[in-house]
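First up is the structure itself, then whatever we jot down about it.
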Amino acid sequence: MFHIFYLFFGFIAGYLMISFFPEASPLEIDYFLYDLISQPLNFVLAMVCLFFGFVFNSKILNLFVEQLPFLRKNNRINWLDLIIGSMVFVSFYLLFSLGAWQTILLIVFSVLYSGMTINMQRETTYDTGGSE
């Protein structure tokens, strides 16, 4: 149930991040830096929205990736979780139409954070270095 809220708030945070960043392209570094320095509140708000956006979107990406192995094994699968997880790609597409480089930044952070926090229930054993 919370996954719908994660999807919604991830999209809203991405939209706000795009709206708070300056209009100048990052390739025009002098105008971009001038806008960041002259409007520090917008920069701070954009960074906060980027943080919340990639955390929420990475939760949805984790949900999607954790459901994929069940498709192949013909196990019972939670279709609602799979559909909500795939909706994050629609969210990224809509955000990309609003601001391309900001969305690429959001996708990169979301995928990296999702990769670090994914739980595929692997059984691992750790060597504690104890005496034998």
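Taken together, the values in this text are just the output of simple stated rules run on the coordinates, not laboratory data. Just so we're clear, the structure is a prediction, and the values are computed from it rather than from any experiment. When we count neighbours, we look across all protein chains shown, and the Cβ atoms used for this are built from the backbone with ideal geometry, even at glycine.
For the chain, rounded, prolate or oblate, judged on the Cα gyration tensor with a ≥ b ≥ c (square roots of eigenvalues), a/c < 1.5 rounded, else prolate if a/b > b/c?
Oblate, because a/c is 1.5 or more while a/b does not exceed b/c.
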Could you give the size of the charge dipole of the chain about its Cα centre, using +1 on the Cβ of each K and R and -1 on the Cβ of each D and E, expressed in debye and rounded to the nearest 20? 580
Value of [θ]222 nm, deg cm²/dmol, for the chain, DSSP H segments ≥ 4, -39500 (n - 2.57) each, nearest 500: -26000 deg cm²/dmol
R0 of 25 Å, Cβ-Cβ distance residue 86-residue 19: FRET efficiency to nearest 0.05: 0.45
